[in-house]
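Undergrad: Below is a structure I'd like to ask you about.
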Amino acid sequence: MRRTSTLAATAVLTPLLVLGLAACGQSTGGATADAQPENGPVTISYGIWDKNQVPAMQKIADEFHTANPDVTVKIQVTPFKQYFTTLQTAAAGGGAPDVFWMNGPNVKLYAANQQLLPLDQTISRAKLDLGNYPEALVDLYTYEGKTYGIPKDFDTVGVWYNKALFDAKKLAYPKDDWTWADFQSAARALTDKTKGVYGAAAPVEDQAGFYDTIPSAGGQVIDAAGTKSGFDSPEALKGIEFWTSLVKDGASPTVQQMTDTSPGDLFKAGKVAMYWNGSWAAVEYNGVPELKDAVNVAPVPAGPKGQVSVIHGLGNVIYARTKHQDAAQKFVGFLGGERAAQIQAEAGAVIPAYEGTQEAWVTSMPQFNLKAYVDEVATAVPYPASKNTKAWTTLQTDILTKVWNGEVDAATGLKDLATQMNAALAKEK
């Protein structure tokens, strides 16, 4: 299930509500005092957005309740399209769930506005070792030296390919150590305009696209501090031209064609031979009888600086103004442990973040090379984010669409994007 990328544009606090949050004056987001045990049974709420994960989340809640009979967890499901709109209103009014899911594009903004509880005490009480989670995810949920989210799961990016289209051209399937040159060559060879087949899809896509190729070329979308754009570097230009060259060469559908019919649908229809997609795609493709044995996945190809995938994942966070801090901390501690990760892995919907528990997910759909996604963690980079990510991702989409369409040359467009992005970032200080 996709949880960032183009969806992230709808998942960020509006400036008006940011001011409302900062001015509410009642937040205890900086609180570090010991949570006091509560007398008698309590019920805490757990906000999530994916109904497909409810069975696994409920099993986790039930096992937690067995170990902590005085605490009952009530799961609240809000569809992703409404999730952050509902959450920001509830947080501003003091009524957000006690514990809830958070994502990378939003965590720093919520933390900066003191809506999240720092989790240092939670980590200590539950004896959690942050070394058990991918470092890039730990960094993603760290703000000003404090941890605000415990990694729940993660997703990386791979290249899905149609085996029949490769067989028709007598091409070898992608290998785990393939390169950008291999990918480009295969994309051209697989393109058959007489049959309406393209070798690859090159949409204006960040998470499963240029967020991977820019660092693979040695660049960065944004610096580690989240304060400066990296789009105006030679390496970023290489990462962008990897995609735009496919469109120019006719090895990919045009932007308009991919607007009329999504690249994902073109891939599923056998009209695109290779399609970059996240680990969430495995469940979708496994659920389509005509696809589950017709496609497979390889890791992203290596660029000038090697194989690099962006990594993203959800984090479990605690609402700073929860009335049940002790119970919430116990629950988040349990959510961050090995047993909760095992339950998620067995469900097959996501890759659990806890080290050593991913094998159950890998083997849940044995016809796919899902190990490729897990192996990419070692060289993965964090999902690019700042305090107010939406402020510049909107610019990113607008300007890069013009680059993809050929309205602006890539070097000029990236320089303009960096200038405007830096201006937006300066307003966050």
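The values are calculated or read from the model by the stated rules, or taken from the named source; none is laboratory data. Model, not experiment: these values are computed from the prediction. So basically every Cβ, Gly included, is an ideal-geometry build from the backbone, and we count neighbours across all protein chains shown. Protein only, heavy atoms only, side chains kept; ligands, DNA and RNA dropped before computing areas. Shrake-Rupley method; radii C 1.70, N 1.55, O 1.52, S 1.80 Å.
Undergrad: On the given criteria, is E407 within 18 Å of P105 (Cβ to Cβ), surrounded by fewer than 20 Cβ atoms within 10 Å (Cβ to Cβ) and either out of contact with any strand residue (DSSP E or B) (no Cβ under 8 Å at 6 or more places or on another chain) or among the aliphatic types (A, V, I, L, M) (or both)? Show your work before the answer.
TA: Numbers: within 18 Å of P105 (Cβ to Cβ): no; surrounded by fewer than 20 Cβ atoms within 10 Å (Cβ to Cβ): yes; either out of contact with any strand residue (DSSP E or B) (no Cβ under 8 Å at 6 or more places or on another chain) or among the aliphatic types (A, V, I, L, M) (or both): yes.
When the stated conditions are applied, E407 does not pass them.
Undergrad: Continuing with this model, one more query. Considering only the range 269-303, how many residues are in contact (Cβ under 8 Å) with a residue 12 or more places away in the chain and outside any strand (DSSP E or B)?
TA: 16
Undergrad: What is the residue count in the range 124-136 for residues that are assigned to a loop (DSSP other than H, G, I, E, B) and under 21 Å from the mean Cα position of the chain (by Cα)?
TA: So the answer is 2.
Undergrad: Filter the range 181-191 for residues that are touching a helix residue (DSSP H, G or I) at 6+ places or on another chain (Cβ under 7 Å) and either crowded, with 19+ Cβ neighbours inside 10 Å or under 13 Å from Y275 (Cα atoms) (or both) and give the result.
TA: Answer for the range 181-191, where residues must be touching a helix residue (DSSP H, G or I) at 6+ places or on another chain (Cβ under 7 Å) and either crowded, with 19+ Cβ neighbours inside 10 Å or under 13 Å from Y275 (Cα atoms) (or both): A187, L190.
Undergrad: I'd like to know if the range 222-234 contains one or more residues that are out of contact with any Phe, Trp or Tyr (no Cβ under 8 Å at 6 or more places or on another chain), more than 27 Å from A164 (Cβ to Cβ), free of Cβ contacts under 8 Å to residues at least 40 places away in the same chain and not in a loop (DSSP other than H, G, I, E, B).
TA: yes
Undergrad: Go through the range 137-180 residue by residue and tally those that are free of Cβ contacts under 8 Å to residues at least 60 places away in the same chain, part of a loop (DSSP other than H, G, I, E, B) and of a type in the set (G, A, S). Give the derivation first.
TA: Filtering the range 137-180 for residues free of Cβ contacts under 8 Å to residues at least 60 places away in the same chain gives 138, 142-147, 167-172.
From the residues that got through so far, the ones that are part of a loop (DSSP other than H, G, I, E, B) too are 144-145, 169-172.
Restricting the remaining residues to those that are of a type in the set (G, A, S) gives 145, 172.
Of the residues in the range 137-180, 2 are free of Cβ contacts under 8 Å to residues at least 60 places away in the same chain, part of a loop (DSSP other than H, G, I, E, B) and of a type in the set (G, A, S).
Undergrad: I'd like to check something: does the range 254-261 contain any residue that is closer than 30 Å to T379 by Cα, modelled with pLDDT of 95 or more and of a type outside the set (A, V, I, L, M, F, W, C)?
TA: no
Undergrad: Restrict the check to the range 395-402 and report whether at least one residue is acidic (D, E) and closer than 21 Å to Q207 by Cβ. Break it down stepwise before answering.
TA: The initial filter retains those residues of the range 395-402 that are acidic (D, E), namely 398.
Among the residues that remain, those that are also closer than 21 Å to Q207 by Cβ are: 398.
Yes, there is a match, as at least one residue in the range 395-402 is acidic (D, E) and closer than 21 Å to Q207 by Cβ.
Undergrad: Scanning for something open to solvent by less than 20 Å² (accessible area, probe 1.4 Å), over 24 Å from the mean Cα position of the chain (by Cα) and not charged (D, E, K, R), does the range 201-222 turn up at least one residue?
TA: no
Undergrad: Residues of the range 309-324 being more than 18 Å from Y110 (Cα to Cα) and crowded, with 24+ Cβ neighbours inside 10 Å, which ones?
TA: S309, V310, I311
Undergrad: Condition first: open to solvent by 20 Å² or more (accessible area, probe 1.4 Å) and under 21 Å from L291 (Cβ atoms). Now tell me which residues in the range 259-268 satisfy that.
TA: Passing the criteria: T261, S262, D265, L266, K268.
Undergrad: For residues that are exposed (fewer than 15 other Cβ atoms within 10 Å of the Cβ) and farther than 21 Å from G95 by Cα, tally how many sit in the range 40-53.
TA: 3
Undergrad: How many residues does the range 269-287 contain that are surrounded by fewer than 17 Cβ atoms within 10 Å (Cβ to Cβ) and at pLDDT 95 or above?
TA: Within the range 269-287, residues that are surrounded by fewer than 17 Cβ atoms within 10 Å (Cβ to Cβ) and at pLDDT 95 or above number 1.
Undergrad: Starting from residues that are within 23 Å of V107 (Cα to Cα) and at pLDDT 95 or above, keep the ones in the range 224-253 and report whichever is surrounded by the most Cβ atoms within 10 Å (Cβ to Cβ).
TA: F231
Undergrad: Still on this structure, I have one more. Restricted to the range 148-176, and to residues that are aromatic (F, W, Y) and open to solvent by 10 Å² or more (accessible area, probe 1.4 Å), which residue is nearest to K193 (Cα to Cα)?
TA: Ranking the candidates gives Y161 first.
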